[in-house]
Amino acid sequence: MKWFVVLLLALTGIFAGCQLNPVVPERPIRIAFMTNRDGDFEIYIMNRDGSNQTNLTSHEAADGLPVWSVRSNTFVFASNRDQTTMGLYRMGRDGSALSVLVEEVPAIPIPMTWSSTGEWIAFGSGEGADIYLLDPVEGELINLTENPAQDNFEDWSPDGQQILFTSNREGVPALYSMRVEGGVPILLTNPDSGNAAGRWSPLGSKIAFMSDRDQDVDIYLMDVDGTNVVRLTDTPGFDGYPRWSPDGAKIAFLTSRDGNSEIYVMNADGSEQTNLTNSPASEESVQGDFAWSPDGAQIMFHSDRNGDVDIYVMDADGANPMNLSNSPGTDFGSIWVR
């Protein structure tokens, strides 16, 4: 279980959103998550309203960090089932058809993210890590970046043909893009400042990211080639982890401007910045692990407002916050499942 503690501490924002997909099956939206309510970490799934919480893995090893592909109706998750190393496993929507994909991963798989095409899972995090592509059918691993610097995966382009990643190969973290077939990465941000948490807009024309280029961490917007940079937030304190709404009209983000970690939302041009969580006595999604629902109606987030970390949802305007998991354990790593 120790490696899951390391993952929790290293967590830099699990991308929990649904990948862009023109054909979506007609089935209810659900939520999968990891929890230690049974003593070790397991993967559970529940209805959108928190009902019918069901254990999918039920194993004495630590299982977690699920990712979901709407195209293949498949989960991939991390586990230390062989007791010595962390591997990646595949299973169906109901926990059936379990099989091992990779017996030992070469880098911390945060965040594992499925491409919109369903062809690849990308991941890469940790000191000296590279970006890896995993074939979720054959279990083949490809080292995409092969660089001695620390490369951290950030996001897929909506068409699944490019990746966005952060690397300190120029000295400080900078954002790069790269074709899925490999090649020379394209530097998108000025390496004179720290830049991270890049997210492609749903239509693929813009990238939102956080940067300390103006002596404070704020959210910026740029074209996909790194040009036309626009500052969206400008307040004392931390503003980061931008998350696009499915229609691209709004950006949710994390901020410390009120003295604690709160989730705000703004229009895509930076206007009308509004506090959604407004919970001054608690910390909300401190690692950026919050996500819009696939239909854009809700935002899922994690909070310790009840004394331990639970999974919450609220309407897109912040109304009707509800504790879904509501257990004495730690519930996090949640994703929308469609």
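Coordinate-derived values only; no laboratory data. For clarity, every value in this text was computed on a predicted model and none was experimentally measured. So basically every Cβ, Gly included, is an ideal-geometry build from the backbone, and we count neighbours across all protein chains shown.
Remark: spin-label model distance Asp159-Asn55 equals 4.6 nm, labels positioned 7 Å along the Cα→Cβ axis.
In the chain, what is the volume of the convex hull around the alpha carbon atoms, normalised per residue and reported in Å³?
Details: hull volume 41.4 nm³, N = 338.
Spread over its residues, the Cα hull of the chain gives 122 Å³ apiece.
What the Cβ-Cβ distance of Ser72 and Asp295 gives, at R0 = 30 Å and to the nearest 0.05, is a FRET efficiency of 0.90. Running Debye on region 39-91 with equal point scatterers at the Cα sites and no solvent, what base-10 log of I(q)/I(0) appears at q = 0.21 Å⁻¹? Evaluating at q = 0.21 Å⁻¹ gives log10 I(q)/I(0) of -0.80.
Taking a point 7 Å out from the Cα of Val184 in the direction of its Cβ, the residues of region 129-146 whose backbone N falls within less than 17 Å of it are 145-146.
How high is the FRET efficiency from Asn47 to Glu272, r the C-beta distance, R0 30 Å, rounded to 0.05?
0.40
Provide the three semi-axes, in whole Å and in decreasing order, of the ellipsoid equivalent to region 176-260 as defined by the square roots of 5 times the Cα gyration tensor eigenvalues. Please list the in-between numbers first.
Details: eigenvalues 103, 52, 21 Å².
Over the Cα atoms of region 176-260, the ellipsoid semi-axes are 23, 16, 10 Å.
Inter-label distance, Thr84 to Val100: 1.1 nm, where each label sits 7 Å from its Cα along the C-beta direction. Rounded to the nearest 500, the helix-only mean residue ellipticity at 222 nm of the chain stands at -1000 deg cm²/dmol, with each DSSP H run of n ≥ 4 adding -39,500 (n - 2.57).
What does the charge count near Asp247 come to, summing +1 for each Lys or Arg and -1 for each Asp or Glu among other residues with Cβ under 15 Å from its Cβ? Numbers along the way, then the final one.
Numbers: positive: Arg199, Lys206, Arg243, Lys250; negative: Asp269, Asp295, Asp317.
Here the count lands on +1.
Given charges of +1 on the Cβ of Lys and Arg and -1 on the Cβ of Asp and Glu, with all other atoms neutral, how large is the dipole of the chain about its Cα centre, in debye to the nearest 20?
In debye, rounded to 20, the chain gives about 560.
Look at the dipole of the chain built from charges on Cβ: of Gly270, Asn47, Leu134, the Cα furthest out on the positive end belongs to Asn47. Each Lys and Arg Cβ is given +1 and each Asp and Glu Cβ -1; about its Cα centre, region 57-193 then shows a dipole of about 300 debye.
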